[in-house]
1. Looking only at segment 28-40, decide whether some residue is in a loop (DSSP other than H, G, I, E, B) and surrounded by 10 or more Cβ atoms within 10 Å (Cβ to Cβ).
2. Taking the condition of being at positive phi and either surrounded by 15 or more Cβ atoms within 10 Å (Cβ to Cβ) or in contact (Cβ under 8 Å) with a residue 12 or more places away in the chain (or both), how many residues in segment 9-27 meet it?
3. Among the residues in segment 92-102, are any assigned to a strand (DSSP E or B), under 15 Å from Gly8 (Cα atoms) and over 13 Å from the mean Cα position of the chain (by Cα)?
4. Kindly establish whether Val28 is of a type outside the set (Gly, Ala, Ser) and in contact with a Gly (Cβ under 8 Å, 6 or more places away or on another chain).
5. Just to be sure I understand, how many residues within segment 41-84 are surrounded by 11 or more Cβ atoms within 10 Å (Cβ to Cβ), among the hydrophobic types (A, V, I, L, M, F, W, C) and part of a strand (DSSP E or B)?
6. Based on what the data block shows, is Ala94 in contact with a Cys (Cβ under 8 Å, 6 or more places away or on another chain), modelled with pLDDT of 90 or more, under 20 Å from Val30 (Cβ atoms) and surrounded by 17 or more Cβ atoms within 10 Å (Cβ to Cβ)?
Amino acid sequence: MNHVILVGRLTDNPDFQESSDSRMVITVAVPRTFKNSEGLYETDFLRCVLWNGIAKKTKEYCKKGDTICVRGRLQVRTYENEEKEKKYMTEIIAESIAFVASKKENNMKNINQENDDEDI
């Protein structure tokens, strides 16, 4: 089973990439629940890919610093860098986004890919 659930804050305002293929990449900062050896909480910065309706609604309702919940799956893809070395990138492919908290308002909006009328 490949299932991921993240709750964290957006590190930037959501925006589409220049390719305009209805794909959006966001980074979610997820704090760890335990302290490291120096007594500090570490944070993981995780790359999430959103498509079509989920991407559009996220751009419409979310801003940098908002707390969101991402439900999706892990995907590992490969590519070659300029030195022709094979590199791996792990991403979360979002299936739904729940807008948990905003800096401006405390609304609870939910976007599910299953309920989206647009094609993926």
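1. no
2. 1
3. yes
4. So Val28 passes the test.
5. Number satisfying all stated conditions: 9.
6. For Ala94, the condition - in contact with a Cys (Cβ under 8 Å, 6 or more places away or on another chain), modelled with pLDDT of 90 or more, under 20 Å from Val30 (Cβ atoms) and surrounded by 17 or more Cβ atoms within 10 Å (Cβ to Cβ) - is met.
The values are calculated or read from the model by the stated rules, or taken from the named source; none is laboratory data. These figures come from a predicted structure and were not determined experimentally. All Cβ positions, glycine included, derive from the backbone under ideal geometry; neighbour counts span all protein chains shown.
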